[in-house]
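To start, the structure itself, in structure tokens.
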Amino acid sequence: MIDAKTIAAMVNHWLATPVNGYFYQNYGCTVKEQLLKNLTAFNADAFIAKMIQDIPILGELAQDELNIISETVGFEQVNVFIQIGSVLVEVGQADTGSVMDEDYQDVTAQ
């Protein structure tokens, strides 16, 4: 059975995978694009749309079961979380232990 923890593991994998990390696949998280942007420029709707495109089962969740939550810490830091039901996944702190046995290449690397 697929529950919130299983979906959270899928999201952790997605967060740990760079865009184009799999050959000829657009699958992967674009969160690193946000690093040099203004803190108020984070577009949660676009982020969720990309996540649903890459992990189609997220589209089956009710609207209130998938959310982006942010908290401002101090002057220059914003912590972003993905809420899946009652499970919170911190963006930027993905558990990469489950993807260490998989091979992927950043084909855009110089």
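Values as computed for the structure displayed
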{"quantity": "Count of region 36-52 residues which are under 14 Å from the mean Cα position of the chain (by Cα) and either farther than 15 Å from Ile7 by Cβ or in a loop (DSSP other than H, G, I, E, B) (or both)", "calculated": "8"}
{"quantity": "Whichever residue in region 73-90 is surrounded by fewer than 16 Cβ atoms within 10 Å (Cβ to Cβ) and of a type in the set (S, T, N, Q) and, among such residues, is farthest from the chain's Cα centre (by Cα)", "calculated": "Gln77"}
{"quantity": "Residues located in region 18-72, provided they are surrounded by 11 or more Cβ atoms within 10 Å (Cβ to Cβ), modelled with pLDDT under 85 and over 17 Å from Val91 (Cβ atoms)", "calculated": "Asn20, Tyr22, Gln25"}
{"quantity": "Scope region 53-69; condition assigned to a strand (DSSP E or B) and out of contact with any Phe, Trp or Tyr (no Cβ under 7 Å at 6 or more places or on another chain); matching residues", "calculated": "Leu66, Asn67"}
{"quantity": "Residue satisfying all of: in region 73-91; in contact (Cβ under 8 Å) with a residue 24 or more places away in the chain and touching a strand residue (DSSP E or B) at 6+ places or on another chain (Cβ under 7 Å); farthest from Gly28 (Cα to Cα) among these", "calculated": "Val78"}
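The values are calculated or read from the model by the stated rules, or taken from the named source; none is laboratory data. Treat the numbers as computed from the prediction; the structure is a model and nothing was measured. Heads up, the Cβs are rebuilt from the backbone with ideal geometry, glycines too, and the neighbour counts pull from every protein chain shown.
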